[in-house]
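First up is the structure itself, then whatever we jot down about it.
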Amino acid sequence: MPVIPFLIIFKLFYVGSFPNNQTDIIYFDKNWQPVSKKEMVYYTLPPEPSGSKYLFKDYYKSGKLYFEALSTSKTEKKFDGVAKFYAENGQLIESAVLKNGIINGEVNSFDENGKVKGKAVYLNNKEVHALMFYYKGDTEGSPDYDTALKTVREKLTVEIIFDGDIKGIRKETYFKDKIVKSYDAEGKLIGTAKLNKADPNGNVLDYLEEADKPIEGTVVDYLYNPMRVNTITHLKKEKTTNH
């Protein structure tokens, strides 16, 4: 399952600690490894006192702001409050709520045009639930439709296929309940179908198995680009008789 790697996770756990006595500008490559000024992609200035905390800022080579956050420590990544990341065009691309270096609250991710890419809630650095978006044309998305994935503690629970408006025409698959709900162009529910829960041998199927096929209810088939209703089929569950 594709996921969005939140920048704050990388910042907290994969980028090294701050120098004990940073008095000069430090230059970094694209992987945040220290390099010479000539090779830099990012750079960081010494932290500035801000009340009882310290303000940390990173910049692109161009001088545009990349990251800003307050820390309770001058040398450790104990960010406290809302940490923010920016695209080089100035667009906010991520915000995260932290308490003394621990992610506790919302993390929101956007693309360089401000389109929502992900929303999550963390508790003590652990993801509680998230909603991730993959739009048409994205590297990890479909060329035909937009997709939203809901997870609970990193386990996929709902997949939503839509076209531009997540409240408009769409298909919602609920993996735990084994149900598919289908909506028309006005966002009106037009079909609910139950999925098969077991294979012919009686084994419970894993999420996203091909054998998870509709067995009862109203099944809606869509065409794409643009997304529209193609066919509507009404199924009745077949009854088995023991001999």
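So if I check each of TYR43, TYR60, which one is over 30 Å from ASN225 (Cα atoms) and touching a helix residue (DSSP H, G or I) at 6+ places or on another chain (Cβ under 9 Å)? Lay out the reasoning, then the answer.
On the way: TYR60 fails: touching a helix residue (DSSP H, G or I) at 6+ places or on another chain (Cβ under 9 Å).
Matching residue, one of TYR43, TYR60: TYR43.
Of the residues that sit in the stretch 135-178 and are aromatic (Phe, Trp, Tyr) and either outside the structural domain of ASN196 (by TED's automatic domain parsing) or outside any strand (DSSP E or B) (or both), which one is farthest from PRO214 (Cα to Cα)?
TYR135
Within the stretch 26-36, does at least one residue satisfy the condition of being of a type in the set (S, T, N, Q), in contact with a Ser or Thr (Cβ under 8 Å, 6 or more places away or on another chain) and modelled with pLDDT under 95? I'd like the intermediate steps shown before the answer.
Within the stretch 26-36, the first condition is being of a type in the set (S, T, N, Q), and the residues that meet it are 31, 33, 36.
Still in the running and in contact with a Ser or Thr (Cβ under 8 Å, 6 or more places away or on another chain): none.
Scanning the stretch 26-36, I find no residue that is of a type in the set (S, T, N, Q), in contact with a Ser or Thr (Cβ under 8 Å, 6 or more places away or on another chain) and modelled with pLDDT under 95, so the answer is no.
Given the residues GLU172, GLU159, which is the only one that is within 15 Å of the chain's Cα centre (by Cα), at pLDDT 95 or above and buried (at least 16 other Cβ atoms within 10 Å of the Cβ)?
On the way: GLU172 fails: within 15 Å of the chain's Cα centre (by Cα).
The unique qualifying residue is GLU159.
Mind checking whether some residue in the stretch 43-50 is part of a strand (DSSP E or B) and buried (at least 18 other Cβ atoms within 10 Å of the Cβ)?
Going residue by residue through the stretch 43-50, those that are part of a strand (DSSP E or B) are 43-44, 48-50.
Applying the additional criterion that residues be buried (at least 18 other Cβ atoms within 10 Å of the Cβ) yields 43-44.
Checked against the condition, which is being part of a strand (DSSP E or B) and buried (at least 18 other Cβ atoms within 10 Å of the Cβ), the stretch 43-50 yields at least one hit.
Which residue pairs have Cβ atoms closer than 6 Å, lie 6 or more positions apart in sequence or on different chains, and pair a first residue in the stretch 54-77 that is under 17 Å from LEU98 (Cβ atoms) with a second residue that is buried (at least 17 other Cβ atoms within 10 Å of the Cβ) and among the polar types (S, T, N, Q)?
If the second residue must be buried (at least 17 other Cβ atoms within 10 Å of the Cβ) and among the polar types (S, T, N, Q), the pairs left are TYR54/SER71; PHE56/SER71; ASP58/THR44.
Test each condition in (1) small (Gly, Ala, Ser); (2) touching a Gly at 6+ places or on another chain (Cβ under 7 Å); (3) not assigned by TED's automatic domain parsing to the domain that holds LEU7 for SER109 and report the one that comes out false.
Condition (3) is where SER109 drops out.
Just give me the residues in the stretch 121-134 being buried (at least 17 other Cβ atoms within 10 Å of the Cβ) and farther than 11 Å from VAL152 by Cβ, in sequence order.
Those that are buried (at least 17 other Cβ atoms within 10 Å of the Cβ) and farther than 11 Å from VAL152 by Cβ: TYR122, MET132, PHE133, TYR134.
Among the residues in the stretch 87-95, are any over 27 Å from LYS150 (Cα atoms), buried (at least 17 other Cβ atoms within 10 Å of the Cβ) and over 20 Å from the mean Cα position of the chain (by Cα)?
If we filter the stretch 87-95 for residues that are over 27 Å from LYS150 (Cα atoms), which is where we start, we get 88-90.
Applying the additional criterion that residues be buried (at least 17 other Cβ atoms within 10 Å of the Cβ) yields none.
No: zero hits.
Contact list please: Cβ distance under 9 Å, first residue in the stretch 10-36 and farther than 30 Å from ASN124 by Cβ and in the same structural domain as LYS61 (by TED's automatic domain parsing), second residue in a loop (DSSP other than H, G, I, E, B) and of a type in the set (S, T, N, Q), pairs at least six apart or on different chains.
ASN21/THR75; TYR27/SER36
Return the residues of the stretch 98-116 that are within 25 Å of LYS53 (Cβ to Cβ) and surrounded by fewer than 19 Cβ atoms within 10 Å (Cβ to Cβ); say none if nothing qualifies. Don't jump to the end; show me each part of the working.
Step one: list which residues in the stretch 98-116 are within 25 Å of LYS53 (Cβ to Cβ), which gives 98-109.
Selection gives LYS99, ASN100, GLY101, ILE102, ASN104, GLY105, GLU106, ASN108.
The values are calculated or read from the model by the stated rules, or taken from the named source; none is laboratory data. All figures in this text were calculated on a predicted structure; none of them were measured in a lab. Using ideal geometry, Cβ is built from the backbone for each residue, glycine included, and neighbour counts are taken over all protein chains shown.
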